[in-house]
1. Whole-Hz ³J(HN,Hα) for each residue in segment 136-152, computed from phi via Karplus 6.51 cos²θ - 1.76 cosθ + 1.60 with θ = phi - 60°, x for glycine and proline: what do you get?
2. Under the rule of -39500 (n - 2.57) per DSSP H run of 4 or more residues, summed and divided by the residues of the chain, what mean residue ellipticity at 222 nm is obtained, to the nearest 500 deg cm²/dmol?
3. Let me spell out the model: positive unit charges on the Cβ of Lys and Arg, negative unit charges on the Cβ of Asp and Glu, origin at the Cα centre of segment 159-262. What dipole size does that give, in debye rounded to 20?
4. Which of 284, 227, 305 sits farthest toward the positive end of the charge dipole of segment 188-318, with +1 on the Cβ of Lys and Arg and -1 on the Cβ of Asp and Glu?
5. Percent of alpha carbon pairs in segment 131-218 separated by more than 16 Å?
6. Between residue 295 and residue 426, what length in nm is gained on full extension when 0.36 nm per residue of separation is reduced by their alpha carbon distance?
7. Across 10 Å bins from the origin, how do the percents of Cα pairs in the chain run, short distances first?
8. In whole angstrom, how long is each semi-axis of the equivalent ellipsoid of segment 1-51, when you take the square root of 5 times every eigenvalue of its Cα gyration tensor and sort them from largest down?
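The values are calculated or read from the model by the stated rules, or taken from the named source; none is laboratory data. Note that the structure is a prediction, hence the values are computed from the model and not measured. Every residue, glycine among them, receives a Cβ derived from its backbone with ideal geometry; neighbour counts consider all protein chains shown. To get the accessible areas, we keep the full protein, side chains included, count just its heavy atoms, and leave off ligands, DNA and RNA. Shrake-Rupley method; radii C 1.70, N 1.55, O 1.52, S 1.80 Å.
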Amino acid sequence: MEDERSRSLLQLMANERLVPSPEEEEKRKNVIEKLKKIVMAWVKRVAWQRWLPKQEVAATSAAIVTYGSYGLGVHGSESDIDALCVGPYFATMAEDFFIVLYNMLKSRPEVSEIHSVKDAKVPLMRFKFDGISIDLPYTQLKVLAVPENFDIFNPINLRGIDETGWKTLSGVRVNKQICQLVPNLEKFQSLLRSVKLWAKRRGVNGNLNGFLGGVHLAILAAFVCQCDPNANLSALISNFFKTFAFWPWPTPVVLQDGMSQPTVNPTETRLYMPIQFPCSPDEYCHSNITKSTFYKIRAELLRGHNFTKDLLKSNFDWHNILEPFPYTKKYTRFIKIFLSASKQEELGQWVGWVKSRFRCLLSKLEEVQGLFDPNPAEYIDVDIAEPHVIFYWGLQPGKTNVLDIESIKDDFWMNVSNGYQGSLGRMELSIVQASQLPKYTQFDSLNKKGTKARLKMIHYNQQRIPIYSQHLPNYVVGYVSNNGGPEYPSAGD
């Protein structure tokens, strides 16, 4: 019966397009190969510009290393690709990466919507290559040549690396270490796909909103796989919820590598849910989890445990666990966060910047209001022509029913407007009643057979014609792309 439950879950994930088709997989591989060739041509050009000797120009090289969901093998049909560019000692970030390589990429017919994000903790270029979104950060090693299979754990390769470079490399190092430590990679990948779908449906995904990011979920899933290496998928799901619903937080979650004894940094136990990086015993996953989001994560883990503790019951159904969170039934009031830009191509950068500052807003709201639920889903109002995104955060009955939203907005605006490099967009904060919400926000009422609302603006820079749900008025379930074909959002991003 457990095997049957596992098969039904795998089929559900296939139906949700969480697993790319062979054609989609081949397209991604081709994109990465093309990107590697461009980067190799770039590093040779920079070497010539630096007047390096001919033998050094011939010997020099750079590498592209994938990580994130693609590196772990859990990417969906519409997932981005995280690809780290690793260059030699003479190729600088400011000039050679952000100017020379940027211009080379921009001139390519396969590349579109390219822009630089220089002020992030991990600076990167973001673009589409043959229609696939790429995040490309850069790190520079003190070597002449970076081979394709260079050892990212060898301290000789990492000597002299600066703090930004170390942060950039940490994602790759964590990915590779997880893949090495799990007893069965395929089972781990299936478990991680499942819990990512659960987190998205139940509104507990997204580090910027104070919930669980991809690396958090990956380490938690790997931990469960280590604890029961012979379990099948359905048992692993059950163990995942049981383990972390009753985990004695703030005791850190630490993967076992078979060599070092787990160590606990006392300062990290101040976090609500400390999760240790597997490749570095002194480092922990960056976390924005607050009191409010911690309570919701715990509640959802307990709910998941209650549903999966009786997997063998005849009426068990995976759809019950994955039912979208009923925001409009749970909360009577919401904070509405409206973000807009004058041009469609400016919207993505503006929204990304504001989201990177959400931690300040979360802290302020907890201070003055108490508990609340920062729903990570992004909405659009089909009646507004201006390029925009809307967030609706559920308000719990709190310290006061009279919330000075203007004062909160002014404080947050000071934080957001400080340091932004682009053209400032518009931001409005307001309190709305559940009864005042437009129809398109009723995503908790979606039919259970798989129709999905267009909640998230996956492609900010592309003008497309919306496709409306046949079941719910004003519900955008997809868009018609430039070539006339329909595009639907994936639940696995």
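1. 10, x, 9, 9, 10, 9, 7, 9, 7, 10, 10, x, 4, 9, 4, 7, 6
2. -11500 deg cm²/dmol
3. 340
4. The residue sitting farthest along the positive end of the dipole is 305.
5. So the pairs more than 16 Å apart make up 66 percent of the total in segment 131-218.
6. 44.0 nm
7. P(r) over the chain, rounded to whole percents: 4, 18, 28, 28, 17, 5, 1, 0.
8. 45, 10, 6
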